[in-house]
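Notes for the one structure printed next.
The values are calculated or read from the model by the stated rules, or taken from the named source; none is laboratory data. Nothing here was measured: the structure is a model prediction, and the numbers come from that model. With ideal geometry, Cβ positions are generated from the backbone for all residues, glycine too; neighbour counts draw on all protein chains shown. With ligands, DNA and RNA removed, areas are computed over all heavy atoms of the protein, side chains included. Shrake-Rupley method; radii C 1.70, N 1.55, O 1.52, S 1.80 Å.
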Amino acid sequence: MQFVSSRCFLLATVLGAVACGGDNGQPAATTRASRLLLTDGPFPFDRIARVDLYVVSLSGSLNTDTNATAGGDFVTLASPHRLINVLALQNGITDDLGAVTLPRGAITAVRLVIDTDSSSITLKDGRVLTGTSNPGIHWQSSAGRPVLNALINEQIVVRDTGAVIVVDYDVGQAFIPPQDIDPTSTDSGFIFSPVLRAADATRSGSITGTVRAHSVTGTPVVDASLRLYLGDPGMPENTWSTLATAKTDANGAYRFAYVTRSSYWTGTTRSYIVAVDPPATATLGRTLVRGVQVTAGAETTIRTTVLP
């Protein structure tokens, strides 16, 4: 499933956007088609088999005014009108949503529309959670088709050759257990708290690594939960910003794809930090990998992370 340049997905409010013109600050003539991709950050909970979202449409704006009232200049980038298992879009895997021809410039806002009545979560025990099941999904929307606005950390530039826009729907942050809000809750469903990000694939990098138990030659840790932070490594973890989630595969490998390059944060004391937590059933400890750097167009490989 393809969209215009970047991986973005769900967010009920606009968290941020960067406005900018083309390479010379001026829009130009219509150019080659821009590719549209959808992916997600792997969901960290072992109890989930699939997360099916019914994606209605994706739209974007090249206007410097990203206010919701200025929605007249949003153009449709793709209209899939189909269910997509976003849990399957892990480790940089994308679903091609299509292509659209755009004028040269910068995409300043991205919006996604989903149909919550047609979306669901399937547990590994076979149960299907919906907005009407018990347990179920608390969508927190009466509209049925909420408009979700993406966070854009760095401008998405559409050049004469087009662009690759990745829309990143982070399942690991988008559905949260009720106990995270109310520890006394006995609800085994999920609360929808969408996290959606859009990025220019050509201006991002990736972080990869493997996780093993006890030693670098130990058993691969399957379904370890990972979180990518941005923060000052010398400060407490609760001061860091969560950027993405991931999980290890059957070989203990993981990948954070489409990460904004480190130079975007130049002049700050912040860097990327990877937190690795073992599965709930494992008798292993937690590990932090600090000071991770990312280069546009390149893959940063972290040495094997050992969980004690």
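Brief remarks follow.
- Entry comment: accessible area of segment 125-223 is 42 Å² per residue, from protein heavy atoms only and a probe of 1.4 Å.
- Computed from backbone phi, the HN-Hα couplings of segment 291-298 come to x, 7, 10, 10, 10, 4, x, 10 Hz, rounded to whole numbers (Karplus: 6.51 cos²θ - 1.76 cosθ + 1.60, θ = phi - 60°; Gly and Pro given as x).
- Label-to-label distance for Thr217 and Asp187 is 5.0 nm, based on points extended 7 Å past Cα in the beta-carbon direction.
- Scoring 218-224, 94-100 by mean Cβ neighbours within 10 Å over their residues and listing the highest first yields 94-100, 218-224.
- Cβ crowding within 10 Å averaged over residues, with 82-88, 105-111 ranked highest first: 105-111, 82-88
- Relative contact order of segment 179-251, defined on C-alpha pairs under 8 angstrom at six or more residues apart (%): 24 percent
- Among Ala224, Val276, Thr295 the positive-end extreme of the charge dipole of segment 162-308 (Cβ point charges): Thr295
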